[in-house]
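Everything below concerns the one structure shown next.
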Amino acid sequence: MTARAIPAPSRFAWPWLDRGGRVSALRIAVLVALTSPALVLLALLAGGDLGPEPWKQATREAGSHAAHILLISLAVTPLRWVAGWPKAATLRRMVGLAALAYALLHLALYAGHLAWDLWAVAKEIALRVYLTLGFVVLLGLCVLGWTSTDRAQARLGRRWKRLHRWVYALSAAAVLHAFLQSRARADSAVVLAGCWIWLMLWRLLPGEHRARPLALAGLAVAAAVATAVVEFVWYGAATNLPAARILAANLDLAAGLRPAQGILLAGLAVALLPLPRLLRPARA
Ligand code: HEM
């Protein structure tokens, strides 16, 4: 029996180095963009600038960053196709690990909110469905983070891809966790849901349409409609608010930017990204 070759630890270990071991300005920029929200948040917390319930506010913001960065990690592949930027793929691991780091920070801040009473934290997680769900997502992200190395990828072979596809379900569960804690102020959860829907619908597009402006514009409309439906269902099923009036506000420009409209505008902006490449004269 031949032993499977385990690659030597790669020189990719430091986040600011590229695969060739060179310092990369792009990776440094992404690293700064990923770490600065945490540094700002911790500075605000230490300075007592987070309102009357600083730990609660910090918990909420860290959770929001975790979910957004998780969705950004799912946007790396579309970005690669739509913007014709293959280098984007080299950033995915860093972005995914940042999502995990923010989720861990979110849990640590929640423990701080409960005065570091870990027994109370465990009890709350066991008793409240939305916290149990968040905990399951966190465990899943830990597994994906642990197996994100080159070595684990080589060891797991084909199973690695199957394992890492769980990120779709985990991100959906993270969005549900955000909805369940939001109750009647669900705008940010609806935005997360809209982004998740766009990212999943994009993956359903046939390969040849994934970077076509017209297909992407259609996708923007479909994701916006689905976002409005999710919002309607949420308010109708989980709150006493007038869901039909909230749905109608999507057609009223005077009502302020609704989540579904934001998804439509963002989706249409993405649809413009392939244009410079398509309009560039073809080389002889
Ligand atoms: C053990 C795991 C977790 C615990 C105990 C937990 C706890 C909480 C709590 C207590 C809140 C509500 C804060 C408040 O308004 O009172 C919250 C909100 C939230 N959490 Fe978690 N969470 C966990 C895991 C996660 C994970 C893994 C993610 C995403 C990857 C996440 C994303 C969010 C988001 C997006 C919100 C809503 C933030 C907002 O209001 O804008 N959470 N979480």
> By average Cβ neighbour count within 10 Å, what is the ranking of 81-87, 66-72, 17-23 from highest down?
Replying inline: 66-72, 81-87, 17-23
> What translational D, rounded to a whole number of µm²/s, comes out for region 69-185 from Stokes-Einstein when the hydrodynamic radius is the Kirkwood one over Cα pairs, at 20 °C and 1.002 mPa s?
Replying inline: 137 µm²/s
>> Could you tell me how far the Cα centroid of region 209-272 sits from the Cα centroid of region 59-100, in Å?
In response: 22 Å
>> For a quick check, take a GNM of the chain with Cα springs below 10 Å and name the residue from SER182, SER73, SER24 with the largest mean-square fluctuation.
In response: SER24
> What order, most packed first, do the peptides 229-241, 112-124 have when packing is the mean number of other Cβ atoms within 10 Å of each residue?
Replying inline: 229-241, 112-124
> ³J(HN,Hα) across region 29-35 via Karplus (A = 6.51, B = -1.76, C = 1.60, θ = phi - 60°), whole Hz, x for Gly/Pro?
Replying inline: 4, 5, 4, 5, 5, 7, 8
> Mind checking which lysines have their C-alpha under 18 Å from LYS56, skipping anything on the same chain fewer than 8 residues away?
Replying inline: LYS123
> Where does the charge balance sit around GLN57 when Lys and Arg score +1, Asp and Glu -1, over other residues with C-beta under 15 Å from its C-beta?
Replying inline: 0
> Which order do peptides 138-147, 258-267, 243-252 fall in by mean Cβ count within 10 Å, highest first?
Replying inline: 258-267, 138-147, 243-252
>> As a test of the formula, what do you get for the chain when each DSSP H run with n ≥ 4 contributes -39,500 (n - 2.57) and the sum is divided by the residue count, at 222 nm and rounded to the nearest 500 deg cm²/dmol?
In response: -23500 deg cm²/dmol
>> With unit charges on the beta carbons (Lys and Arg positive, Asp and Glu negative) and the dipole taken about the Cα centre of the chain, which residue among ALA29, ALA89, ALA101 sits farthest to the positive side?
In response: ALA89
>> Show me, for region 161-167, the HN-Hα J-couplings you get by feeding each phi into the Karplus relation (A = 6.51, B = -1.76, C = 1.60, θ = phi - 60°), rounded to Hz, glycine and proline as x.
In response: 5, 4, 4, 6, 5, 4, 4
> Over the Cα atoms of region 156-251, how large are the radius of gyration and the largest Cα-Cα distance (Dmax), in Å?
Replying inline: 15.8, 51
> In terms of Cα to Cα distance under 26 Å, which lysines are near enough to LYS161, apart from those fewer than 8 places away along the same chain?
Replying inline: LYS87
> Could you state the principal axis extents of the C-alpha atoms in region 55-276, from the largest down, to the nearest angstrom?
Replying inline: 53, 52, 24
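Computed from the coordinates by the stated procedures, all read-outs in this text should not be read as laboratory data. Every value quoted in this text rests on a predicted model; they were computed, and no experiment measured them. Neighbour counts are summed over all protein chains in view; Cβ atoms, including those assigned to glycine, are modelled from backbone coordinates with ideal geometry.
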